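Heads up: the structure comes next, in structure tokens.
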Amino acid sequence: MQTAAPMDTKRLARGLERGLRVGAAIGLAILALAAVARGEDEPVLSRGLSYMTAFGPKNYSVVSLLYGSIVLSLAVVAIIGIMVLVGSLLRRMRPRSGQVGDVPIDRPGRGLSLIYVGTTLTFFVLLGLTIWDFAVLADVAGPPRKPAFTITVVGHQWWWEYRYDDGDVSRNFTTANEAHIPVGQPVRIELLTADVIHSFWVPALSGKTDTIPGQQNRTWIQADKPGFYRGSCTEYCGQQHAHMGLMVVADPPDQFRAWWDRQLQPPAFGDAQPQASAAERGEQVFMRRCAVCHTVRGTQAQGRVGPDLSHLMERHGIAAESVPNNIGYLSAWISDPQRIKPGNLMPTIDVTPAELTSLRSFLQALR
């Protein structure tokens with residue numbers, strides 16, 4: 001018979017210390033991730049394409065489920081690692097029951113009982129996650145109260161059209177790529193497509209919902225903090241899929257109402273008002289070269305192929321948020337749109353430098 005091996009207390013102590021460190025790290029991670037999930041440390045005016053934060057009620061429970069699953073997975077890995085380490089140490093410490101020839105024989109262990117316990121715990125953990133999943137699905141299925149209004153979102157290759165409707169036909173209007181919503185109020189989103197399948201996604205406010213030919217899908221969004229929320233198409237839709245961005249701007253309710261009222265009016269020249277002759281020349285160039293595809297309220301331009309350009313200079317980006325809306329990129333987009341978004345459906349128009357200057361001045365005055 002073989003005598004018991006001496007207890008390796010130092011190795012056992014190191015193993016337990018590592019286990020405690022892992023447990024403490026998981027606890028701190030839970031607290032940190034809970035704060036990040038609500039976006040408490042995010043700057044007010046920066047909401048990128050991250051699904052790890054939420055700023056509206058539709059995503060709070062989703063992000064909580066995400067972090068809960070992550071923390072639970074880390075805990076399982078840590079617990080299994082600790083059990084394997086401790087089991088390995090204990091196996092070395094326990095005495096042998098005998099040997100056959102030169103082969104030592106261990107005492108019968110309790111491994112099968114531990115397997116039963118582990119299987120039972122796993123079943124209840126997975127059952128709990130399943131119930132949590134269904135609870136989240138029920139929570140995000142509809143808004144907490146009646147939506148303030150409806151935005152019909154139409155996906156095009158490769159830009160977004162927004163049709164605002166609050167029930168009064170006289171107050172309906174259309175804009176593109178940059179949508180405004182009031183803070184603290186749910187908004188119904190109805191999704192259509194003009195060509196192929198797209199997917200509407202504003203990760204800080206809502207999950208992905210596809211626009212499918214011949215079908216109308218619905219979702220809703222709500223922002224609890226003012227700011228700019230970046231979105232994107234997440235269903236491959238052609239060559240410029242990666243440059244089919246969008247922006248949702250959450251305004252305080254009074255500012256949002258003022259924005260809606262401005263959208264109903266024809267564009268007005270702001271501080272950058274060009275000379276009357278330059279404005280007239282620019283509008284003439286626009287009517288000859290651009291009016292077939294674009295609309296500008298208050299003019300005879302009523303094109304439906306491209307985005308509505310009324311109040312263009314209130315938007316923060318152009319080319320579906322591909323580039324900033326400033327004089328340099330605006331000039332480049334007019335002169336050679338294929339260079340910025342190769343394959344897009346806007347043709348390159350042949351304009352002289354003088355026509356480009358006049359056209360740019362006209363567009364810069366659309367406020």
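The values are calculated or read from the model by the stated rules, or taken from the named source; none is laboratory data. Just so we're clear, the structure is a prediction, and the values are computed from it rather than from any experiment. For neighbour counting, all protein chains shown are included, and Cβ atoms are generated from backbone atoms with ideal geometry for every residue, glycine included. Quick note on the areas: whole protein, heavy atoms, side chains included, nothing else; ligands and nucleic acids left out. Shrake-Rupley method; radii C 1.70, N 1.55, O 1.52, S 1.80 Å.
Quick check on my filter: what residues within region 166-200 are of a type in the set (Asp, Glu) and either within 18 Å of Pro307 (Cβ to Cβ) or at pLDDT 95 or above (or both)? Steps first, please.
Taking region 166-200 and keeping what is of a type in the set (Asp, Glu), we get 166, 168, 178, 190, 195.
Selection gives Glu178, Glu190, Asp195.
Return the pairs, sorted by first residue and then second, in which the second residue is assigned to a loop (DSSP other than H, G, I, E, B), the first residue lies in region 195-209 and is open to solvent by 10 Å² or more (accessible area, probe 1.4 Å), the beta carbons are less than 6 Å apart, and the residues are 6+ apart or on different chains.
That search, which allows pairs on different chains as well, returns Asp195/Gln157; Val196/Cys237; Ile197/Ile212; Ile197/Glu235; Trp201/Thr234; Lys208/Thr234.
For the list (1) open to solvent by less than 40 Å² (accessible area, probe 1.4 Å); (2) outside any loop (DSSP other than H, G, I, E, B); (3) farther than 22 Å from Gly56 by Cβ, I need the number of the one condition that Cys237 fails.
(2)
Out of the residues in region 128-152 that are of a type in the set (Gly, Ala, Ser) and more than 21 Å from the chain's Cα centre (by Cα), state the one that is surrounded by the most Cβ atoms within 10 Å (Cβ to Cβ).
Of the residues in region 128-152, the ones of a type in the set (Gly, Ala, Ser) are 128, 135, 138, 141-142, 148.
Subsequent filtering for residues that are more than 21 Å from the chain's Cα centre (by Cα) retains 128, 135, 148.
On the way: Gly128: 12, Ala135: 11, Ala148: 17.
Among them, the one singled out is Ala148.
Just to be sure before I move on: is Gly298 modelled with pLDDT under 90, open to solvent by 10 Å² or more (accessible area, probe 1.4 Å), on the phi > 0 side of the Ramachandran plot and not aliphatic (A, V, I, L, M) in the structure I sent? Working first, answer last.
Working: modelled with pLDDT under 90: yes; open to solvent by 10 Å² or more (accessible area, probe 1.4 Å): yes; on the phi > 0 side of the Ramachandran plot: yes; not aliphatic (A, V, I, L, M): yes.
It is true that Gly298 is modelled with pLDDT under 90, open to solvent by 10 Å² or more (accessible area, probe 1.4 Å), on the phi > 0 side of the Ramachandran plot and not aliphatic (A, V, I, L, M).
List pairs: first residue in region 337-356 and among the basic types (Lys, Arg), second residue open to solvent by 30 Å² or more (accessible area, probe 1.4 Å) anywhere in the structure, Cβ distance under 8 angstrom, at least six positions apart or on different chains.
What qualifies is Arg339/Ala332; Lys341/His243; Lys341/Ser322.
Which members of region 218-264 meet the condition of being under 17 Å from Val202 (Cβ atoms) and among the polar types (S, T, N, Q)?
Of everything in region 218-264, those that are under 17 Å from Val202 (Cβ atoms) and among the polar types (S, T, N, Q) turn out to be Thr219, Gln222, Ser232, Thr234.
Picking from Ala258, Ala332, which residue would you name as being under 30 Å from Ile221 (Cα atoms) and assigned to a helix (DSSP H, G or I)?
That would be Ala258, the only listed residue that is under 30 Å from Ile221 (Cα atoms) and assigned to a helix (DSSP H, G or I).
Looking at (1) within 25 Å of Ala141 (Cβ to Cβ); (2) in contact with a helix residue (DSSP H, G or I) (Cβ under 9 Å, 6 or more places away or on another chain); (3) at pLDDT below 95, which one does His243 not meet, given that it meets all the others?
Failed condition: (1).
Among the residues of region 128-149, is there at least one that is closer than 24 Å to Gln265 by Cα and not hydroxyl-bearing (Ser, Thr, Tyr)?
Looking only at region 128-149, we keep the residues that are closer than 24 Å to Gln265 by Cα, and these are 148-149.
Narrowing further to those that are not hydroxyl-bearing (Ser, Thr, Tyr): 148-149.
Yes, region 128-149 contains at least one residue that is closer than 24 Å to Gln265 by Cα and not hydroxyl-bearing (Ser, Thr, Tyr).
Out of all the residues in region 301-327, which are part of a loop (DSSP other than H, G, I, E, B), buried (at least 18 other Cβ atoms within 10 Å of the Cβ) and of a type in the set (A, V, I, L, M, F, W, C)?
Passing the criteria: Ala301, Leu309, Ala319, Ala320.
Please count how many residues of region 338-365 are part of a loop (DSSP other than H, G, I, E, B) and either open to solvent by 70 Å² or more (accessible area, probe 1.4 Å) or under 16 Å from Met287 (Cα atoms) (or both).
Counting residues in region 338-365 that are part of a loop (DSSP other than H, G, I, E, B) and either open to solvent by 70 Å² or more (accessible area, probe 1.4 Å) or under 16 Å from Met287 (Cα atoms) (or both) gives 9.
From (1) among the polar types (S, T, N, Q); (2) within 20 Å of Pro144 (Cα to Cα); (3) open to solvent by 50 Å² or more (accessible area, probe 1.4 Å), pick out the condition that doesn't hold for Thr219.
(3)
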